[in-house]
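Colleague: Structure incoming, see below.
The values are calculated or read from the model by the stated rules, or taken from the named source; none is laboratory data. Only a predicted model underlies this, so the values are computations on that prediction, with no experimental measurement involved. For neighbour counting, all protein chains shown are included, and Cβ atoms are generated from backbone atoms with ideal geometry for every residue, glycine included.
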Amino acid sequence: MNRTRFVLSMSCLSALLMLAGAVYAGGWAIVTLSEFPDYAVAGKPLNLTFAVRQHGVTLLSELQPKITATDGTGIVIKGKVAPGVAKGEYTAALLFPQPGDWKITIDSGFNGNTSMLPAVKVIAAGSPTPTAFAPGTRGMRLFTAKGCVGCHRHLEVNPERQTDAKFDLTGRRYPNDYLKKFLADPSIKPAEMPNLKLKDDEIEALAAFINKAAIKQDRQVQR
């Protein structure tokens, strides 16, 4: 290879690397929690594991996510976030100082993308365990915690989202067996949706929420 060809080849390679870097650096990302607990206990650390996915798919490592929580009374706590074991995975710990309904916000550390989770009920140590959520209600909470809101819209969760009609799940109903199979392994249908490795009970809950009866017209008002 002569010098001219070598210089041209290196220039092309540099351009491709710069283009790849620009693509990786841009766009949006969602946060997907490995597990989202029904409740937490005051004074006892709540440990969370989550991933950050560019465009809902590509796992992003070497970020610096932040996690905070507030109970609406002016108290704000910050958790410690550290890299997890797997690529794009992070761990966080929150210590709630008192009982209440606490809202957790995770700043992904990528282009200002944040995720606000449904309120977590924090109980006092020694209190009775709260009644478990019904499958549909738990599925509605997972719709946010698992990052479904990054691509999909549902009037009961994120009515303000503007999206393609095909991504609007409001009032949709699917054959239950097929929906559960798809949630367990999205690769059965050509679609750019990651396999979140959902547990059986999470699949049951999400299917119960997605397949619920269509919302009445008088509730179809953006909150």
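Colleague: If you check G74, G150, which single one turns out to be in the same structural domain as I210 (by TED's automatic domain parsing) and modelled with pLDDT under 95? Working first, answer last.
Modeller: Numbers: G74 fails: in the same structural domain as I210 (by TED's automatic domain parsing).
From the options G74, G150, the qualifying one is G150.
Colleague: Same structure again: Of all residues in region 86-110, which are at pLDDT 95 or above and closer than 16 Å to N47 by Cβ?
Modeller: E89, Y90, T91, A92, A93, L94, L95, F96, W102, I104, I106
Colleague: In addition: Given L206, L183, which one is touching a Leu at 6+ places or on another chain (Cβ under 8 Å), without any contact (Cβ under 8 Å) to a residue 60 or more places away in the chain, not in a loop (DSSP other than H, G, I, E, B) and not assigned by TED's automatic domain parsing to the domain that holds L33? Give the derivation first.
Modeller: Numbers: L206 fails: without any contact (Cβ under 8 Å) to a residue 60 or more places away in the chain.
Exactly one residue qualifies, and that residue is L183.
Colleague: Condition test on G56, is it under 26 Å from D201 (Cα atoms), touching a Pro at 6+ places or on another chain (Cβ under 9 Å) and not in a strand (DSSP E or B)? Before the answer, list the steps.
Modeller: On the way: under 26 Å from D201 (Cα atoms): yes; touching a Pro at 6+ places or on another chain (Cβ under 9 Å): yes; not in a strand (DSSP E or B): yes.
For G56, the condition - under 26 Å from D201 (Cα atoms), touching a Pro at 6+ places or on another chain (Cβ under 9 Å) and not in a strand (DSSP E or B) - is met.
Colleague: Kindly indicate whether A82 is among the small types (G, A, S), without any contact (Cβ under 8 Å) to a residue 24 or more places away in the chain, part of a strand (DSSP E or B) and farther than 30 Å from P190 by Cα. Break it down stepwise before answering.
Modeller: Details: among the small types (G, A, S): yes; without any contact (Cβ under 8 Å) to a residue 24 or more places away in the chain: yes; part of a strand (DSSP E or B): yes; farther than 30 Å from P190 by Cα: yes.
Considered against the rule, which asks whether it is among the small types (G, A, S), without any contact (Cβ under 8 Å) to a residue 24 or more places away in the chain, part of a strand (DSSP E or B) and farther than 30 Å from P190 by Cα, A82 comes out as yes.
Colleague: Which one is surrounded by the fewest Cβ atoms within 10 Å (Cβ to Cβ) among residues in region 143-180 that are among the β-branched types (V, I, T) and part of a loop (DSSP other than H, G, I, E, B)? Please lay out each step first, then the result.
Modeller: Kept after step one, since they are among the β-branched types (V, I, T), are these residues of region 143-180: 144, 149, 157, 163, 170.
Subset that is part of a loop (DSSP other than H, G, I, E, B): 157, 163, 170.
Details: V157: 19, T163: 13, T170: 15.
The residue in question is T163.
Colleague: While we're here: What's the number of the only condition in (1) touching a residue at least 60 places away in the same chain (Cβ under 8 Å); (2) of a type outside the set (D, E); (3) in the same structural domain as I203 (by TED's automatic domain parsing) that T129 fails to meet?
Modeller: Unmet condition: (3).
Colleague: Residue by residue through region 186-203, note down the ones that are of a type outside the set (A, V, I, L, M, F, W, C) and either farther than 23 Å from L117 by Cα or outside any loop (DSSP other than H, G, I, E, B) (or both). Can you show your working first?
Modeller: Let us first name the residues in region 186-203 that are of a type outside the set (A, V, I, L, M, F, W, C), namely 186-187, 189-190, 192, 194-195, 197, 199-202.
Scanning region 186-203 gives P186, S187, K189, P190, E192, D200, D201, E202.
Colleague: For the structure I just gave you, tell me whether A93 is in contact with a strand residue (DSSP E or B) (Cβ under 6 Å, 6 or more places away or on another chain), within 19 Å of A145 (Cβ to Cβ) and of a type in the set (G, A, S).
Modeller: On the way: in contact with a strand residue (DSSP E or B) (Cβ under 6 Å, 6 or more places away or on another chain): yes; within 19 Å of A145 (Cβ to Cβ): yes; of a type in the set (G, A, S): yes.
In short, yes.
Colleague: A further question follows. I need the full set of residues from region 112-136 which are exposed (fewer than 15 other Cβ atoms within 10 Å of the Cβ) and assigned to a loop (DSSP other than H, G, I, E, B), in order please.
Modeller: Correct list: G112, A124, A125, G126, S127, P128, T129, P130, T131, A132, A134.
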